[in-house]
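Data first, discussion second: the structure below is written as structure tokens.
The values are calculated or read from the model by the stated rules, or taken from the named source; none is laboratory data. Quick caveat, the model's predicted, so the values are computed rather than measured. Note that each Cβ is placed from the backbone with ideal geometry, even for glycine, and that neighbours are counted across all protein chains shown.
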Amino acid sequence: MAIKERLKIACIGAGNVGAAVAQYCAEMELGNVVLFDVVEGMPQGKALDLTEAGPTRGYSSRVVGTNDYKDIVGADICVITAGLPRKPGMTRLDLLEKNGRIMTDICEKIRDYAPDATVIVVTNPLDVMVYLAQKVLGFKPRRVIGMAGILDSSRMRAFVAMELGVSLRNVHTMVLGSHGDAMVPLPEYTTVSGIPITKLMPEAMIDTIVQRTRQGGGEIVKLLKTGSAFYAPGASAARMVEAIARDEKCVLPCAAHLTGQYGLQDIYMGVPCILGRKGVENVLELTISEENRASLHASAGEVREGIGGLKQVGLL
Ligand code: TXD
């Protein structure tokens with residue numbers, strides 16, 4: 001049997017989320033990992049640390065740290081987590097411009113050094129950044145995908161499981177829309193081993209869980225005080241890498257480019273996608289209530305505002 005070459009996974013940004021993505025990818029043996037950051041020494045240090053964990057954890061993926069884009073040459077999958085957090089005094093537009101400039105620079109490098117890669121964007125504001133990334137990369141939209149829905153639905157799954165005292169693995173759900181307060185969690189598509197949650201918990205409890213899901217990121221920020229969540233975000237991005245690397249055709253909520261689905265055109269938003277080796281191989285259009293459709297369109301309005309902001313600062 002021919003030995004298949006390992007995939008090359010490049011994590012651009014080796015901060016909290018980037019390092020978690022690298023760790024999960026190595027643990028799942030999805031390929032060899034290159035950890036890139038502009039901070040000197042840091043990606044090299046984290047990569048060496050992850051390599052030294054390999055013998056004990058039992059993985060053989062190679063993890064290399066770098067400050068040089070030459071090391072991402074030939075990458076099959078790039079995960080972008082690079083960005084700045086919002087600092088006191090910074091407006092939303094300031095952050096949009098700063099992260100927009102970082103995203104533009106990174107995508108120009110990926111376009112030159114890894115033109116065949118499938119790109120997963122994690123940096124916030126997610127739906128706007130992935131839209132910008134696709135424009136700069138010029139890759140087919142199905143190869144440029146945003147990570148948010150897996151994280152948001154994973155949070156909702158955890159809340160349902162904790163409430164019912166059942167296994168985290170038994171709960172499945174779907175969250176649509178943009179990443180943030182305007183996301184659209186769908187209780188009607190939430191099940192526990194196939195049983196609709198509407199049969200297992202009262203409506204008021206479902207409403208509380210939906211609200212907690214919408215504020216899931218903020219809940220962690222409040223607890224941590226410095227920085228934001230990284231284990232679940234890292235695991236969610238690694239899940240996308242896995243679905244693509246293993247050509248799984250898994251149905252997962254991702255920010256995908258829409259061309260009329262759900263009545264939305266030329267925008268990136270969270271929708272159920274079939275993920276495989278070619279990236280987003282299809283978008284599933286669910287039947288949703290009028291109310292949820294209106295929420296989805298309101299959520300799209302916020303994304304369009306962000307895209308407008310990028311145009312205002314000349315990045316689009
Ligand atoms: O669901 C989601 N999409 C998200 C998004 C869930 C969690 C975090 N989310 C966003 O991911 C978050 O709002 C940030 O925009 C990114 C990364 O979050 P993280 O917590 O990893 O931030 P860090 O630890 O500050 O790491 C950012 C790294 C840091 O090491 C910088 O040195 C680096 O980005 N950075 C760069 N790397 C490469 N190239 C450039 N230009 C660059 N600029 C900064």
Can you work out which of the residues in the range 138-156 that are over 16 Å from Ala182 (Cβ atoms), crowded, with 21+ Cβ neighbours inside 10 Å and not β-branched (Val, Ile, Thr) is nearest to the ligand (Cβ to nearest atom)? Met147
Kindly list the number of the only condition in (1) more than 12 Å from the ligand (Cβ to nearest atom); (2) under 28 Å from Cys107 (Cβ atoms); (3) modelled with pLDDT under 95 that fails for Ala133. (3)
Checked pairs for the range 99-121, first in a helix (DSSP H, G or I), second among the hydroxyl-bearing types (Ser, Thr, Tyr), C-beta under 8 Å and 6 or more apart or across chains, list as Asn99/Thr123; Ile102/Thr123; Met103/Thr123; Lys109/Tyr69; Asp112/Tyr69; Tyr113/Tyr69
Is it the case that some residue within the range 81-102 is away from the ligand (no atom under 15 Å from the Cβ) and at pLDDT 95 or above? no
Would you check which residues across the range 181-194 are part of a strand (DSSP E or B), within 16 Å of the ligand (Cβ to nearest atom) and among the aliphatic types (A, V, I, L, M) and list them? Val184
If a residue has to be assigned to a helix (DSSP H, G or I), surrounded by fewer than 16 Cβ atoms within 10 Å (Cβ to Cβ) and within 11 Å of the ligand (Cβ to nearest atom) to count, how many in the range 195-245 make the cut? 3
Could you tell me whether Gly74 is in contact (Cβ under 8 Å) with a residue 24 or more places away in the chain, more than 18 Å from Asn124 (Cβ to Cβ) and part of a strand (DSSP E or B)? no
Top-ranked residue of the range 5-37 - restricted to ones that are part of a loop (DSSP other than H, G, I, E, B), out of contact with any strand residue (DSSP E or B) (no Cβ under 7 Å at 6 or more places or on another chain) and in contact (Cβ under 8 Å) with a residue 40 or more places away in the chain, ranked as surrounded by the fewest Cβ atoms within 10 Å (Cβ to Cβ): Met28
